[in-house]
Amino acid sequence: MDSLAPPCSSTDVQQRKQRRMESNRESARVKKQKYVDDLTAEAAHLSELNNQISNSMNATMQQCVKIEVHNSVLRAQIMELSHRLHSFKQILTHHAVFEPDHLNFGQGLLNNSWNLLEAPHQ
């Protein structure tokens, strides 16, 4: 022990101990408040992100419904055009059977046209 230092009384030790405890409590309170504030900010950010994702998903679902409707229209058009093509072929075949001289000049063109019309739709 240093002979020049004043002797420490038990009240001095108790006061320092009390100040240290208060300082530690305040430090813990500040740390806890920062933690709570950080969690609150993160929750707000995640809530906003969730809203953005939800809005994006709703817009995507609306687009999907529009595309499904458009696809249904296109399928109906394909069916109608296929029926017309079949009817057209029947008319041309019937016409060729009863009046073959009228179709001989364009037979190559007619066959090529049918091949193009029968090509798979992409």
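Every number in this text was worked out from the coordinates using simple rules, so none of it is lab data. Because the structure is predicted, anything quoted here is derived from the model rather than measured. In this analysis, Cβ positions are derived from the backbone assuming ideal geometry, glycine residues included, and neighbour counts consider all displayed protein chains.
To two decimal places, what compactness ratio does the range 19-81 give when its Cα radius of gyration is scaled by 2.2 N^0.38 Å?
2.55
Rounded to 0.05, the FRET efficiency of the HIS94 and SER72 pair, given R0 = 22 Å and the Cβ-Cβ distance, is 0.10.
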